[in-house]
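Reviewing the structure listed below.
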Amino acid sequence: MPGADAPAAGRGVTASGVRPFSLVGVVWDRPAAELRGRAQVRTRAVGGEWTPWRELLPYGDEAPDPDSPERLAARAHGGTAPLWVGASDGVQARVRPEPASAADARPATALPSGLRLELIDPGEAAAPPPPDRAALRAFPARPVPTAGGVARTGGASAGAVPTAPGARPSAGASRKPPSGSSGTSAKPRPYPATRQPSPATPPSIRPSTPPSTPPSTPPSSALPAEVTKANAARYSAPRPRIVTRAGWGADEKIRETGHVYSKTVKVAFIHHTVTGNKYSCSEAPSLLRSIYRYHVKSLGWRDYGYNFTIDKCGNIYEGRSGGVAKAVRGAHTLGFNTDSMGVAVLGTFSTQKPPAKAVTAIAKLTAWKLGLFKRNPRGTTHLVSGGGNKYKRGTSVKLDVIAGHRDGFATECPGERLHEKLGSARKAAARLQGR
């Protein structure tokens with residue numbers, strides 16, 4: 001990569017024969033420093049050809065808040081947005097400095113110190129934890145017969161004396177059949193380790209519109225808190241399917257331990273990851289593992305930045321750890337990470353239309369999560385800026401409850417084509433809440 005004394009024409013570096021990688025980005029030492037130039041890369045697919053030059057987009061606005069320990073930590077760095085390139089084994093990179101303007105006294109060649117190329121291998125998904133063999137022994141797959149012929153399993157009925165798997169009952173064990181049974185003719189029944197709902201039973205569905213006849217006024221003895229709770233439940237939405245961190249193979253050893261929370265969630269900021277659209281949905285877990293490593297290992301953040309991520313097929317993934325139903329503070333919208341959540345769609349949607357399944361997933365996720373905190377997806381609220389290029393620190397800003405990243409920061413994110421879909425996402429989320 002070129003240094004601070006590079007000529008305005010730009011210089012580059014070629015690295016071939018490197019270990020295979022799938023994600024590439026450029027980082028530098030200080031997170032507050034700006035890359036006054038255009039970083040570009042071209043990569044060689046494993047066993048394939050070189051790609052054209054592609055630009056690495058700005059990323060300083062998707063970051064921890066300016067005064068947060070996460071951004072002030074010694075290990076924190078600045079960087080471009082990462083680019084997904086698929087399995088590759090060769091790379092060329094260059095930075096073309098911006099020409100100085102008449103009003104800018106800084107030289108055109110000034111580039112951040114420590115400029116370097118980051119090549120990320122997503123690695124294999126972490127192995128699932130081994131089964132709890134002690135729990136399996138406690139609940140045998142087949143019932144254990146007793147002297148009286150009545151099946152005895154890991155869970156004993158009332159009045160029965162439980163026995164260890166494979167053990168003979170004690171002489172004093174009760175053999176009295178349960179009321180209504182026919183003595184020793186009872187059929188053995190295996191005891192399930194976990195009680196599961198019957199698959200034939202449909203899930204509870206709340207009507208999408210209020211009943212035509214308003215509910216009667218609650219008796220004077222009803223507590224106000226109970227009425228408030230009932231009203232809150234009225235505007236809830238079902239939880240969508242969410243792929244857990246274990247499901248996409250997050251390596252929990254690389255992140256910081258512990259979690260940071262806000263008091264509530266008032267706004268859902270929608271992003272695009274600007275990692276490109278050339279990925280398959282089967283590759284999404286690898287892409288998430290790569291972004292996770294880039295956020296933690298390359299940029300020095302405490303964990304994955306976004307609270308949730310959605311792929312082009314509408315799959316929803318848990319992002320930053322700490323509990324999907326909790327107000328986990330992420331690193332996604334510089335200046336507005338407190339009391340908000342970040343939802344990123346995998347891809348770049350500046351000119352390309354986002355898939356309908358992804359927009360539907362935004363509506364399902366925000367309807368559920370915002371409903372937990374009594375937020376109307378079609379409403380507005382206020383957040384106090386922690387500092388940024390659009391609002392000064394301490395400014396109270398009116399925002400849509402479902403907002404685009406550009407609403408809180410002067411940025412192109414979440415892309416013009418995705419941003420124009422947020423209106424329909426708000427309406428769909430409100431309908432899912434029964435509004």
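The values are calculated or read from the model by the stated rules, or taken from the named source; none is laboratory data. This is a predicted model, so every value here is computed, not measured. A quick note on method: Cβ atoms are made from the backbone with ideal geometry, for glycine too, and the neighbour counts reach across all protein chains shown.
What number of residues within segment 396-435 satisfy the criterion of being among the hydrophobic types (A, V, I, L, M, F, W, C), part of a loop (DSSP other than H, G, I, E, B) and at pLDDT 90 or above?
The first filter runs over segment 396-435 and keeps only residues among the hydrophobic types (A, V, I, L, M, F, W, C), leaving 397, 399, 401-403, 409-410, 413, 418, 422, 425, 428-430, 432.
Subset that is part of a loop (DSSP other than H, G, I, E, B): 401, 409-410, 413.
Now narrow it down to the ones that are at pLDDT 90 or above: 401.
Looking only at that region, the number is 1.
Is it the case that segment 350-360 has a residue that's free of Cβ contacts under 8 Å to residues at least 12 places away in the same chain, of a type in the set (Gly, Ala, Ser) and either under 13 Å from residue 425 (Cα atoms) or touching a His at 6+ places or on another chain (Cβ under 8 Å) (or both)? There is at least one residue in segment 350-360 that is free of Cβ contacts under 8 Å to residues at least 12 places away in the same chain, of a type in the set (Gly, Ala, Ser) and either under 13 Å from residue 425 (Cα atoms) or touching a His at 6+ places or on another chain (Cβ under 8 Å) (or both).
Could you go through segment 58-78 and let me know if any residue there is modelled with pLDDT of 85 or more and of a type in the set (Phe, Trp, Tyr). No, every residue in segment 58-78 fails to be modelled with pLDDT of 85 or more and of a type in the set (Phe, Trp, Tyr). Residues satisfying the criterion are present in segment 101-109 (criterion: of a type outside the set (A, V, I, L, M), surrounded by 15 or more Cβ atoms within 10 Å (Cβ to Cβ) and modelled with pLDDT under 95).
Within segment 318-361, take every residue that is assigned to a loop (DSSP other than H, G, I, E, B) and basic (Lys, Arg) and give me the one that is farthest from residue 256 (Cα to Cα). Top of the filtered list is 353.
Only residues that are polar (S, T, N, Q) and either touching a Phe, Trp or Tyr at 6+ places or on another chain (Cβ under 6 Å) or within 21 Å of residue 324 (Cβ to Cβ) (or both) were counted across segment 287-314, and they come to 2.
Here is a yes/no grid of residues against (1) at pLDDT below 95; (2) over 18 Å from the mean Cα position of the chain (by Cα):
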site: 355; (1), (2): no, yes
site: 360; (1), (2): no, no
site: 370; (1), (2): no, no
site: 375; (1), (2): no, yes
site: 379; (1), (2): no, yes
site: 382; (1), (2): no, yes
site: 386; (1), (2): yes, yes
site: 392; (1), (2): yes, yes
